[in-house]
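Values in this text are rule-based calculations from the coordinates and carry no lab data. Treat the numbers as computed from the prediction; the structure is a model and nothing was measured. For neighbour counting, all protein chains shown are included, and Cβ atoms are generated from backbone atoms with ideal geometry for every residue, glycine included.
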Amino acid sequence: RNLVSNELAGVEVWCLNQGHNVFDSETMAKFTRWFQIHPYTEMAARQPSNNGHLDWLRNATIPVYMEEVHPEIKTSIRFPYEEVCETIGGNYLTSAPAFMLALAIHEGFECIKLYGVDMAMDPEYTYERPCFEYLLGMAKGKGIRIWMPEECPLLKGPLYAKTVEIPS
């Protein structure tokens with residue numbers, strides 16, 4: 001257990017949406033920032049009464065990045081859209097993970113490790129994934145080290161004219 005604590009020294013661990021329903025309390029204690037970017041009224045209306053998401057947000061003890069500060073969420077912080085969009089060169093943010101990645105780029109992180117983000121299955125990823133891969137490329141171009149699990153399909157594809165048969 002000490003090894004885990006030492007590994008996390010100086011490391012930020014971010015999560016989003018209903019992740020609190022997935023992780024145990026030991027893991028939850030490691031999170032340093034939370035993201036709930038969806039407009040509050042719409043998000044709150046869609047929550048099943050038994051998932052505890054709104055209560056979790058209300059009782060969060062870490063910063064919760066939201067579209068706007070919400071009085072019920074005592075640790076809510078308005079996501080710095082304008083500054084982040086200036087850093088990335090426009091308002092191309094098509095998912096909550098993209099907001100998170102763009103903020104890490106904006107804040108000048110030296111290394112970003114991705115866990116649980118592959119954008120491979122759901123149809124909504126057809127418009128979310130290009131933005132996320134764009135931001136990954138931007139981060140790499142700025143010299144930020146990116147780590148992803150080997151099986152992660154992001155930033156992978158056939159090598160044109162080498163691994164793809166070109167019809168004659």
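Loop-only trypsin sites (Lys or Arg not before Pro) in segment 8-72, please: DSSP not H, G, I, E or B, and at most 16 other Cβ atoms within 10 Å.
Passing sites in segment 8-72 are 30.
Under a 5 Å amide H to amide H cut-off, with H placed in plane at 1.01 Å, what residues pair with residue 16 once short-range neighbours are removed?
The answer is 35.
With θ taken as phi - 60° and the coefficients 6.51, -1.76 and 1.60, list the Karplus ³J(HN,Hα) couplings across segment 20-31 in order, rounded to whole Hz; mark glycine and proline as x.
4, 7, 9, 9, 6, 5, 5, 5, 4, 5, 8, 6
I need the GluC sites (Glu not before Pro) found in segment 17-126, filtered to DSSP loop residues with at most 14 other beta carbons within 10 Å of theirs.
Of the GluC sites (Glu not before Pro), the ones in loops of segment 17-126 whose Cβ has at most 14 other Cβ atoms within 10 Å are 68, 72, 107, 110, 124.
Evaluate the relative contact order of segment 20-65 (contact order divided by residue number), counting alpha-carbon pairs under 8 angstrom at least 6 apart; express in whole percent.
For segment 20-65, the relative contact order is 56 percent.
Once each part is reduced to its C-alpha centroid, what is the distance from segment 26-55 to segment 101-133 in angstrom?
Segment 26-55 and segment 101-133 have Cα centres separated by 19 Å.
Karplus couplings for segment 102-109 from phi (6.51 cos²θ - 1.76 cosθ + 1.60, θ = phi - 60°), rounded to Hz, Gly and Pro as x?
Per residue, the Karplus-derived 3J(HN,Hα) values read 4, 5, 5, 5, 4, 7, x, 4 Hz.
Taking the simple approach of a point 7 Å from Cα along Cα-to-Cβ for both residue 126 and residue 111, what is their distance in nm?
3.8 nm
From the backbone phi of segment 131-139, what are the Karplus-calculated ³J(HN,Hα) couplings (6.51 cos²θ - 1.76 cosθ + 1.60, θ = phi - 60°) in whole Hz, Gly and Pro given as x?
Rounded to whole hertz, the list is 5, 5, 5, 4, 5, 4, x, 4, 4.
Amide H neighbours of residue 69 under 5 Å, at least 5 residues apart or on other chains, H built in the peptide plane: list them.
Here the answer is 78, since their amide H atoms fall under 5 Å of that of residue 69.
Near residue 91, within a Cβ-to-Cβ distance under 14 Å, what is the net charge of the other residues, with Lys and Arg +1 and Asp and Glu -1?
Around residue 91, the surrounding residues sum to -4.
Could you tell me the relative contact order of the chain? Use alpha-carbon pairs under 8 Å, at least six residues apart, and round to a whole percent.
Relative contact order of the chain: 15 percent.
Return the long-range amide H neighbours of residue 146 (sequence gap of 5 or more, or a different chain), with a cut-off of under 5 Å between placed amide H atoms.
The answer is 112.
When only C-alpha pairs under 8 Å and at least 6 residues apart count, what is the relative contact order of segment 76-130, in percent?
Here the relative contact order equals 31 percent.
For the chain, build the charge dipole from Cβ charges (+1 Lys, Arg; -1 Asp, Glu) around the Cα centre, then report which of 149, 77, 135 sits farthest towards its positive end.
Sorting the options by dipole projection puts first 149.
List the pairs from 113/162; 113/140; 142/162; 30/142 whose alpha-carbon separation is above 19 Å, in the order I gave them.
Result: 113/162; 142/162; 30/142 exceed 19 Å.
So which trypsin sites (Lys or Arg not before Pro) in segment 61-152 end up in coil per DSSP with only 15 or fewer other C-beta atoms within 10 Å?
Passing both the DSSP loop test and the Cβ count: 74, 142.
If you put +1 on each Lys and Arg Cβ and -1 on each Asp and Glu Cβ, how big is the dipole of segment 1-132 around its Cα centre, in Debye rounded to 20?
Using Cβ point charges on Lys, Arg, Asp and Glu, segment 1-132 gives about 320 debye.
Given R₀ = 25 Å, FRET efficiency for residue 38-residue 77 by Cβ-Cβ distance, to 0.05?
For residue 38 and residue 77, the calculated efficiency is 0.95.
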